[in-house]
Amino acid sequence: MQLKILHYFKNSSDYVSGEEISRNLKISRAAVWKNIEELRKRGYIFDAVPHMGYKLKAIPDKLLTHEIQNGLMTRFVGKNIECYDSISSTMEKAFGLGLEGAEEGTVICAESQTKGKGRRGRSWSSPKGKGIYVSVILRPTLALRDVAKLTLLTGVCVCEAVNTMTNLKSTIKWPNDVLINGRKVAGILTELRAELDQVRFVVVGIGINVNTPLSSLPPQATSIKQEFNKSISRLDLLREVLKRLEELYTEVQVKGFARVLNRWKELSSTLGKTIRIVDQNGEVEGIAVDLDDYGGIVLEDSEGKRVVRMSGDIH
Ligand code: BTN
């Protein structure tokens, strides 16, 4: 009933009397009042004026399924959304659901994570109500060798969404860090279940430091609030990211990755720089000159010799 009442308010630009709601939703006036009080406890703000009724003034910036879906311009990403107040990691939950056959586009999000995972066994700071911690289950019809590019694709989506919602110019550090003014604001983690000849599912995990105070973040990290000097709506940003994710993901399965890789190159803060990559094979140094067709970074050393790296940390 709370959802019906909320829907009623969202469709009314003016004050609505308790009597009108009671009549239209066929519940008692006492039930209307009780539901509005419950909604207030959940962070919804109502103005109440005698003889005029109630008006919905503000919704809480909480990642609730019905709020995310309200205005979400997608076909399948976010059709199913599970939101948790606290969870160990949205990756674990999404992977379990993926194994159980969850539909493509299922979204798992949380207000906080107790064991947020980063790349290469690191942790991801996930303080309550401050950031976006979300995992999306995809079932691509892509060859295994192309799946790594979904990480780059997601980086493009996050970067463009941040730049659309702020006047900031975020960039991408290979392979998947989104930076603002050179400091990390978002990270992407991709996990998958595959056989040699078939990808069963992919879980794309996105962590964005939205309104996170610096005191909750590692030293080289930042948040959108810190760089933009004001809080932004996590709901709006999440919807923007999910919309872009569906658009680009749909595009690459039909037309391939060429446009996404070009867009990644435009947003990159890595290309053209002298970098050192450390991975399980050791260290290589050179100028980052290109991305290869599989999303690997191409380095050119001082003698003009080129090497490609598919993973690792850039220094
Ligand atoms: C990285 O840059 O190291 C990747 C960070 C990925 C963090 C996100 S938050 C949502 C999802 N759940 C997790 O436990 N990790 C990813």
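What follows is calculated from the coordinates using simple rules that are stated; it is not laboratory data. All of these numbers come straight from a predicted model, not from anything done at the bench. Counting neighbours? That spans all protein chains shown, and the Cβs are built from the backbone with ideal geometry, glycine included.
What's the FRET efficiency of residue 303 with residue 194 using the Cβ-Cβ distance as r and R₀ = 30 Å, to the nearest 0.05? Once rounded, the FRET efficiency stands at 0.20. Using R0 = 22 Å, the C-beta based FRET efficiency linking residue 247 and residue 144 works out to 0.40. The Rg/Rh ratio of the stretch 16-121, with Rg taken over Cα atoms and Rh as the Kirkwood radius over Cα pairs, comes to 1.12. Here residue 34 is the anchor, and the lysines within straight C-alpha reach of less than 20 Å, apart from those fewer than 8 places off in the same chain, are 4, 10, 26, 55, 57.
Would you please state the base-10 log of I(q)/I(0) at q = 0.14, 0.16, 0.33 1/Å for the stretch 216-258, with intensities from the Debye formula using one equal scatterer on every alpha carbon? Cα-only, vacuum Debye calculation for the stretch 216-258: -0.55, -0.64, -1.06. DSSP beta bridges confined to the chain are antiparallel in about 85 percent of cases.
Restricting the calculation to Cα atoms, the stretch 243-304 shows an Rg/Rh of 1.08 when the hydrodynamic-style radius is the Kirkwood one. Ellipticity at 222 nm from helices only: DSSP H runs of n ≥ 4 in the chain, each -39500 (n - 2.57), divided by the residue count, give -10000 deg cm²/dmol.
Net length available on complete extension from residue 274 to residue 313 is 12.7 nm, with 0.36 nm assigned per residue and the Cα-Cα distance removed. In the stretch 230-252, which residues have a backbone nitrogen under 11 Å from the label point lying 7 Å from residue 75's Cα in the Cα-to-Cβ direction? From the stretch 230-252, the list is 247, 250-251. In plain terms, if you count all Cα to Cα distances in the chain and split them into 10 Å steps from zero, the share in each step is 6, 24, 30, 21, 11, 5, 2, 0, 0 percent.
Of all lysines in the structure, those lying under 16 Å Cα to Cα from residue 265, and not within fewer than 8 positions of it along the same chain, are 149, 169, 173, 273.
What does DSSP give for the stretch 80-172 in terms of the percent of beta bridges that are antiparallel, rounded to the nearest 5? Walk me through the intermediate numbers first.
Numbers: 5 of 11 bridges.
In the stretch 80-172, approximately 45 percent of DSSP beta bridges are antiparallel ones.
Stick to Cα atoms and the Kirkwood definition of Rh, then tell me Rg/Rh for the stretch 164-315.
Numbers: Rg = 16.9 Å, Rh = 17.2 Å.
For the stretch 164-315, the value is 0.98.
So how tilted is helix 234-255 from the main axis of the chain? Cα-based, degrees 0 to 90, rounded to 10. Long axis of 234-255 versus the principal axis of the chain: about 50 degrees.
Which of the peptides 288-297, 175-184 is most tightly packed, and how do the rest follow, judged by the mean count of other Cβ atoms within 10 Å per residue?
Going by the mean number of other Cβ atoms within 10 Å, highest first, we get 175-184, 288-297.
Projecting label points 7 angstrom from Cα along Cα→Cβ for residue 181 and residue 215 puts them 2.0 nm apart. Relative contact order, whole percent, for the chain stands at 13, derived from Cα pairs under 8 Å and 6 or more residues apart. Taken over the C-alpha atoms, the stretch 144-229 has Rg and Dmax values of 14.5, 48 angstrom.
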